[in-house]
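Report on the following structure.
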Amino acid sequence: TINPELTNAFSQPLLSLPLTTPISCRHQVLRIKTKNEEEVKQLQLLESLEHLQLDFWINPSAPALPVDVRIPAASVQAVKAFLESQGIQYSILIEDLQDVLDKEKQDMDESAQRQRSTSSFDFGAYHTLEDINAELDHLASEYSFVEKIQIGESYEKRPLYVLKFSTGGSKRPAIWLDAGIHSREWVTQASALWIANKIASDYGTDESITSLLDRMDLFLLPVANPDGFVYTHTSNRMWRKTRSKIPGSVCVGVDPNRNWDAGFGGPGASNNPCSESYHGPSANSEVEVKSVVDFIKNHGNFKAFLTLHSYSQLLMYPYGYKCTRPDDYAELESLGRAAASSIRSLYGTTFQVGTICKTIYQASGGSIDWSYDNGIKYSYAFELRDTGRYGFLLPANQILPAAKETWLGLKKIMEHVRDKSS
Amino acid sequence: RAMELPPGHFPAARAAAAAVGYLRYLRGGPGSGLQLRQLRRARRQDIDGVGHKYYLELELEDVLDKDRTVSCTAEVLYHLGSNTSAPDVQLTVQGELRSTEEADKEFYNRIRSLEKEFVAENIPDSHGNVPPELEPIHLLAWAASGYVIWQNSMENTKFHLAQVKHVKQVKRNDEDLQFDFVILLHEMVSQEVLPWEVTLLWHPQRGARVPQSRAAPAGS
């Protein structure tokens, strides 16, 4: 039988809401506690009134079970009035459904962002400069002992970002590591990112990294030549040099690893601006080089200078500008061999060890010659995978193996530096 | 009278690269890609009035079959004072390389049956990818570049194939396949990346031949 009061109470048409009103605006959810079969039947009749648009989350079925119902804003007053007139007990489960939904969405957004920020950077892929810089920000925000600092600007005004790893102290003895000074050597920037993450995440659990960072600071410049790097993405994958304009020439760019003040302008560098090994108008003419020089000089307490290049699988120490041995030849050769041995232990990848001049070619104005002649004994240049099959175009699936094996070599050197410096 | 050279130093490495270039030209094809696994030993002899001769012991592997290696002895003679003639290279390969007869035949028939002439570019791409169907062309580019590398090697150069910028098949009336390549060669000492135009003829039995090649004109 139709309850006349029921029909009367709800014979008015629903207030019409504007179409733009979200469907759940000021909807309420009631929990109704029925005492007997009669009350259950009342609710089942209510359920049948489709124009009320009641959404039963728990349907009326038996007196002992609660009935949860979502009521559109327009029907709330009428339904409450009806229940009260029938003496049916109810309570408000959700005062304002929109609030709840808003909060839920916010929670989900935050969770998704955490997901993205903790796990989504793919270290086994090649990335743009923007993505790399975002990951540097992430690492700095995630780890209290990692800080992103800017040591200067490129020719085209891009920031030169360095990650500083420091667990305390004041100007502790420090290690320098850079990558990508030659922009086409993509495996180096990619490896530097992986290495940064490795060091940050293993501090506190890995004995070697922990003891290293407890005594020394590490400064990592993953993209030493950002202008060139962007150019390899946008225009010419084989670009090596900086992107500086050279007065009097149509050609662009200086070889940043012929621009350091070490035998500058000597054999193994070109004075032709159009050459890939053009040394530039003067030593430190390139802001990318000068910024690093100034930073290291001002710091004054660097013990190691390590730089990543590709390709050829070589581990080299000074000198490049002259073919005579450095004073520390024996120690550098021995440590280099130990590092190459560590590299080989992982995948069998062989690196040749020796001075730049004997191993690859005579080359003046190079970074590790400068650092060595400025008192930084442990100066090494790595040439990573491969030996020519893919060359600069190393497949992305070799990034992680390259980074991991290189890291073992770097770690061997850093451990030695740590032991000698403290 | 031949001087022992450290295999890890550049003079021996450069001569080895010239020898491997020649070998790739000689033995290269769509189904095989030879590369240097290790330079075991190197000696150099300075021959008065003639030039510098390198004696090399190489260990080679096929990139498609890395579990197997093959030994090779090579003699590389750089002619005195000459910037125009290619080094003389003599090679002896000890042992058997993997047979590529099946793969060669399959590739040959596939290309011959194409309606439109085969075209591709950027092998590998910027990220180092080579789609599997382009690997045979990549290896033929190794054969083509091997010729150019051999022909242009000197004691102060070391070339590698950096990338295939462009390749276009040219249909022929005879039995050969013809591919016109634009390749980028990376020269290690100067660090230059040099574009070259190379025409390659290839046939499963007759192997690879380069009828013409030239440094690409400036601005290309």
Checking A:Asp419 against (1) part of a loop (DSSP other than H, G, I, E, B); (2) free of Cβ contacts under 8 Å to residues at least 12 places away in the same chain, the condition it does not meet: (1)
Looking for something out of contact with any His (no Cβ under 6 Å at 6 or more places or on another chain), outside any loop (DSSP other than H, G, I, E, B) and of a type in the set (S, T, N, Q) - is there at least one such residue anywhere in the range A:369-380? yes
All positions within the range A:359-378 that are of a type in the set (Phe, Trp, Tyr) and surrounded by fewer than 22 Cβ atoms within 10 Å (Cβ to Cβ): A:Tyr361
Looking for something of a type outside the set (Ser, Thr, Tyr), in contact with an Asp or Glu (Cβ under 9 Å, 6 or more places away or on another chain) and assigned to a strand (DSSP E or B) - is there at least one such residue anywhere in the range B:149-158? no
Whichever residue in the range B:94-125 is within 14 Å of another protein chain (Cβ to nearest Cβ) and part of a strand (DSSP E or B) and, among such residues, is surrounded by the most Cβ atoms within 10 Å (Cβ to Cβ): B:Ile123
Subset of the range B:126-176 that is farther than 30 Å from B:Pro87 by Cβ and within 14 Å of chain A (Cβ to nearest Cβ) - its residue that is nearest to the chain's Cα centre (by Cα): B:Leu134
Taking the range A:223-272 and keeping residues polar (S, T, N, Q), more than 12 Å from chain B (Cβ to nearest Cβ) and touching a His at 6+ places or on another chain (Cβ under 8 Å) leaves A:Asn225, A:Asn259, A:Asn271
Considering only the range B:53-63, I want to know if a residue exists there that is over 17 Å from the mean Cα position of the chain (by Cα), loosely packed, with under 15 Cβ neighbours inside 10 Å and away from chain A (no Cβ under 14 Å). no
Hits in the range B:44-62 (condition: within 20 Å of B:Gly21 (Cβ to Cβ) and without any contact (Cβ under 8 Å) to a residue 60 or more places away in the chain): B:Arg44, B:Gly51, B:Lys53, B:Tyr54, B:Tyr55, B:Leu56, B:Glu57, B:Leu58, B:Glu59, B:Leu60, B:Glu61, B:Asp62
Within the range A:338-362, how many residues are part of a helix (DSSP H, G or I) and away from every other protein chain (no Cβ under 11 Å)? 9
Among the listed residues A:Ser183, A:Ser166, A:Ser201, A:Ser208, identify the single one that is crowded, with 24+ Cβ neighbours inside 10 Å and at pLDDT 95 or above. A:Ser183
Give the range A:247-265 a look and list any residue that's assigned to a loop (DSSP other than H, G, I, E, B) and either within 18 Å of B:Met188 (Cα to Cα) or β-branched (Val, Ile, Thr) (or both), or say none. A:Val250, A:Val254, A:Asp255, A:Pro256, A:Asn257, A:Arg258
Only one residue in B:Ala18, B:Ala86 is buried (at least 17 other Cβ atoms within 10 Å of the Cβ) and either within 14 Å of chain A (Cβ to nearest Cβ) or under 19 Å from A:Arg389 (Cβ atoms) (or both), so which one is that? B:Ala18
Please work out which one of (1) under 25 Å from B:Leu140 (Cα atoms); (2) in a loop (DSSP other than H, G, I, E, B) is the condition B:Leu26 fails and give its number. (2)
Set A:Asp137, A:Asp122, A:Asp178: member being surrounded by fewer than 19 Cβ atoms within 10 Å (Cβ to Cβ), modelled with pLDDT of 95 or more and not in a helix (DSSP H, G or I): A:Asp122
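The values are calculated or read from the model by the stated rules, or taken from the named source; none is laboratory data. If you're wondering where the values come from, they're calculated on a predicted model, not measured in any experiment. Note that each Cβ is placed from the backbone with ideal geometry, even for glycine, and that neighbours are counted across all protein chains shown.
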